[in-house]
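Shown next, in structure tokens, is the structure this report addresses.
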Amino acid sequence: MSVRVRMAPSPTGYLHVGTARAALFNWLYARHHRGVFIVRIDDTDQERSTQEYEDEILASLRWLGLDWDEGAGVGGPHGSYRQSARYDRYRTAAIELVESGRAYYDERSAEELDELRKRAKSEGRHPGHYIRRPDVAADSGPIRLAIPQDERVVFDDVVRGTVSFEPQDLDDFVILRSDGSPTYHLASTVDDVDYEISHVARGEDLLPSTPKHIVLTRALGHDAPVYAHLPLLFGTDGRKLSKRHGATALNDYRSRGYLAEAVFNYLATLGWSPDADTTIFSRETAIEAFDLEDVNKAPAAFDPDKLAWMNGEYVRGLAPEDFNTAVRPHVETAMGRGLAEEEWRQFEQISSLVQERTKLFPEAGEQVVFLFSDIESYDENSWQKVMAKEGVAEILDEALRALSDLEAWTAAGLETALRSMIEKIGVGAGKALQPIRVAVTGSSVSPPLFESLAVLGRDRSLERIARAREELG
RNA sequence: GGUCCCGUCGUCCAGAGGCCUAGGACGCCGGCCUUUCAAGCCGGAAACGCCGGUUCGAAUCCGGUCGGGACUGCCA
């Protein structure tokens, strides 16, 4: 059987990391089996669907590297399409189901339906227990599918194994709204049939809907696809992933400078791994090793710390020029202005040192602003820890003396000069160098000192040391 | 309430009856390196929810129990 899978986001919000992860697994499965990956825009919720969200979701998918297949026979421009373009098809399908007796119009009011649900609940039954075809046929209102009550719905879920539902626990759900628009259940099922979807891998939240989709598919005269229900994503506190846990929109990670490769890798490790001890792996490795059967059943927690670590792994693996390109906008953001080419060349002199200690790009930007703008204020903790100590004034005086007539203002020259100063005054290297670092960079955390001084230049370096000396009184 | 799903270190993943005194990763703790911070290296603490059963032998199979989650809509 050839593999044809789809990703079906609703354009009612940004692409959630959980949805992205489901898309990723579908994509991996398709690529592993050299099958087809389709993106379907489930915009049957006309109230909340917007073009803006649709564009954003597609852009996020592209950024992650999840390309969908053109010419997949779905009629859309690029192997993606909108359900809103197919309303006639869904309506026709629903009406045919009514004509064949598989579905019916339901004129009952919301109040009547509520009564039936309440009654079922009070009897300890499934709420939909009594939502069945009324004795008197109607010819308007929403269309409901009549669930055959004579047999259980059983299916083999690729990740969960055999799952079964009793028909009395399935209500006759609405497939076509009274305004003629299809519900998600109808549109999704009809599309899976029409586009010959072989495997449906989606979030576990849809597991209770699956028996309905199977019954509907059969009513349409087809065999159901293979289902795989993926575990949901949670926060590290075990609660549902929400804004409290940080960004939940994939796009936020993109705009914060996370590398797509890192996000791809991290998302893939949530519920799956290529083997016992590989954590960092390429797309190719993932494609090679991936199988839906190996996906975990249990929900996974999204851990921002681990993602940050992984991003750092990828940042360090970047070619220097790629790192420079990626970090530049973040330096400029930290600066609050664009960088002149002259300044940029200065940065490039120490960029490899910055790259080594970068996990997240915004942090890297903040670490180098001292190169291009005056120190407006010293970092509070750094000052307390380093400057508010005995003998610091003397150390700065000595540094000024040692450096003011230094011939070779290079990292090597600076190191020689400062080390002989250290020997002369007889204090530890750390104790002597830290005050200089704070004076020059404003913080006790910075790129390596000698290189920083070299790039900053003689005048500004000496100026800053002198100014810090004055602050000390 | 009802239906369904899930349950290995704090977190992610490995483990498909003996290879498990449970392995790898993040995080955490300690050390080395070192001008800071990172990186790197070395070491450490840390888990099979619980109770029964099957078996010579169970993290792995079965039952129960407890806990968590999803769904329960003319949203998806």
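Structure data summary
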read-out	value
Some residue of segment A:428-444 being among the basic types (Lys, Arg), in a helix (DSSP H, G or I) and surrounded by 14 or more Cβ atoms within 10 Å (Cβ to Cβ)	yes
Of residues in segment A:376-399 being among the aliphatic types (A, V, I, L, M) and buried (at least 18 other Cβ atoms within 10 Å of the Cβ), the one nearest to RNA strand B (Cβ to nearest atom)	A:Val386
Among the residues listed as A:Arg48, A:Arg31, the single one being assigned to a helix (DSSP H, G or I) and either more than 14 Å from RNA strand B (Cβ to nearest atom) or modelled with pLDDT under 95 (or both)	A:Arg31
Positions within segment A:266-289 being crowded, with 16+ Cβ neighbours inside 10 Å and within 11 Å of RNA strand B (Cβ to nearest atom), in sequence order	A:Tyr266, A:Leu267, A:Ala268, A:Thr269, A:Leu270, A:Gly271, A:Trp272, A:Ser273, A:Pro274, A:Phe281, A:Ala289
Which numbered condition A:Ser351 misses (of (1) away from RNA strand B (no atom under 12 Å from the Cβ); (2) surrounded by fewer than 18 Cβ atoms within 10 Å (Cβ to Cβ))	(2)
Sole exception among (1) without any contact (Cβ under 8 Å) to a residue 60 or more places away in the chain; (2) surrounded by fewer than 20 Cβ atoms within 10 Å (Cβ to Cβ); (3) not in a loop (DSSP other than H, G, I, E, B) for A:Ala408, by number	(3)
Restricting segment A:414-455 to residues that are within 9 Å of RNA strand B (Cβ to nearest atom) and out of contact with any helix residue (DSSP H, G or I) (no Cβ under 7 Å at 6 or more places or on another chain), the residue that is nearest to A:Glu390 (Cα to Cα)	A:Lys431
Residue check for A:Ser164: within 11 Å of RNA strand B (Cβ to nearest atom), in a strand (DSSP E or B), surrounded by fewer than 21 Cβ atoms within 10 Å (Cβ to Cβ) and more than 29 Å from the chain's Cα centre (by Cα)	yes
Selection count where residues are within 28 Å of the chain's Cα centre (by Cα), of a type in the set (Asp, Glu) and surrounded by 14 or more Cβ atoms within 10 Å (Cβ to Cβ), scope segment A:319-344	1
Selection count, segment A:306-325, where residues are part of a helix (DSSP H, G or I) and away from RNA strand B (no atom under 16 Å from the Cβ)	4
Verdict on A:Ala260 being surrounded by fewer than 22 Cβ atoms within 10 Å (Cβ to Cβ), touching a residue at least 60 places away in the same chain (Cβ under 8 Å) and more than 15 Å from A:Arg316 (Cα to Cα)	no
Identity of the residue in segment A:247-265, farther than 19 Å from A:His330 by Cα and more than 13 Å from RNA strand B (Cβ to nearest atom), that ends up modelled with the lowest pLDDT	A:Thr248
In segment A:218-246, residue surrounded by the most Cβ atoms within 10 Å (Cβ to Cβ) [restricted to those that are of a type in the set (Ser, Thr, Tyr) and farther than 21 Å from A:Phe37 by Cα]	A:Thr236
Selected residue (criterion: nearest to RNA strand B (Cβ to nearest atom)) from residues of segment A:115-124 that are over 28 Å from A:Glu99 (Cβ atoms) and crowded, with 16+ Cβ neighbours inside 10 Å	A:Arg117
Residue match in segment A:355-364 (condition: touching an Asp or Glu at 6+ places or on another chain (Cβ under 7 Å) and either farther than 17 Å from A:Glu463 by Cα or more than 13 Å from RNA strand B (Cβ to nearest atom) (or both))	no
Unmet requirement for A:Glu196, which otherwise passes all of (1) without any contact (Cβ under 8 Å) to a residue 24 or more places away in the chain; (2) under 22 Å from A:Thr92 (Cα atoms)	(1)
Qualifying residue in segment A:249-256 (condition: surrounded by 17 or more Cβ atoms within 10 Å (Cβ to Cβ), closer than 30 Å to A:Val190 by Cβ, in contact with a strand residue (DSSP E or B) (Cβ under 6 Å, 6 or more places away or on another chain) and of a type in the set (Gly, Ala, Ser))	no
Residue in segment A:252-263 that is outside any strand (DSSP E or B) and over 30 Å from A:Phe323 (Cβ atoms) present	no
Members of segment A:61-72 that are more than 18 Å from A:Phe290 (Cβ to Cβ) and either within 16 Å of RNA strand B (Cβ to nearest atom) or part of a loop (DSSP other than H, G, I, E, B) (or both)	A:Glu70, A:Gly71, A:Ala72
All positions within segment A:299-319 that are more than 29 Å from A:Gly203 (Cα to Cα) and touching a Ser or Thr at 6+ places or on another chain (Cβ under 6 Å)	A:Val315
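Yes/no per residue for (1) near RNA strand B (Cβ under 8 Å from one of its atoms); (2) touching an Asp or Glu at 6+ places or on another chain (Cβ under 8 Å); (3) in contact (Cβ under 8 Å) with a residue 24 or more places away in the chain:
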residue: A:Arg102; (1), (2), (3): no, no, yes
residue: A:Glu107; (1), (2), (3): yes, no, yes
residue: A:His126; (1), (2), (3): yes, yes, yes
residue: A:Arg133; (1), (2), (3): no, yes, yes
residue: A:Val136; (1), (2), (3): no, no, no
residue: A:Leu145; (1), (2), (3): no, yes, yes
residue: A:Val154; (1), (2), (3): no, no, no
residue: A:Arg160; (1), (2), (3): yes, no, yes
residue: A:Gly180; (1), (2), (3): no, no, yes
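The values are calculated or read from the model by the stated rules, or taken from the named source; none is laboratory data. Given the structure is predicted, the values throughout are model-derived calculations rather than measurements. FYI the Cβ positions are ideal-geometry reconstructions off the backbone, even for glycines, and counts take in every protein chain you see.
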